[in-house]
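Here the structure comes first, spelled out in structure tokens, and everything after it is commentary.
The values are calculated or read from the model by the stated rules, or taken from the named source; none is laboratory data. Computed from a predicted model, the values in this text were never measured in an experiment. As a convention, Cβ positions derive from the backbone with ideal geometry for all residues, glycine included, and neighbour counts pool all protein chains shown.
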Amino acid sequence: MSNKSKRFPPEFRDRAARMVLEEEKNHPSRWSAVMMIAPKLDIHPDTLSKWTRLHERGGIEEPLIDTLGGDFRLLAI
């Protein structure tokens, strides 16, 4: 059994977060909207909730690690 996490493109994560924000209007809470949408997208509800919070704070960005000449550096946020 593989323990690798799935990688989703930023466009997918952004759209999933927008789906939650749109659907939230039809639910008593954000969590209930997340619980309805997450299984349809085959992602964990906690992951979708995190993406939605990040989306509200200005968008979802790519990983913070870049490789140049074999050196690892953190990119500025």
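Only one of Asp46, Asp66 is at pLDDT 95 or above, surrounded by fewer than 12 Cβ atoms within 10 Å (Cβ to Cβ) and of a type in the set (Asp, Glu); which?
Testing whether each residue is at pLDDT 95 or above, surrounded by fewer than 12 Cβ atoms within 10 Å (Cβ to Cβ) and of a type in the set (Asp, Glu) leaves just Asp46.
Being loosely packed, with under 14 Cβ neighbours inside 10 Å and assigned to a loop (DSSP other than H, G, I, E, B) is the filter here; which residues of segment 10-30 pass it?
Once the filter is applied, which keeps residues that are loosely packed, with under 14 Cβ neighbours inside 10 Å and assigned to a loop (DSSP other than H, G, I, E, B), segment 10-30 yields Pro28, Ser29.
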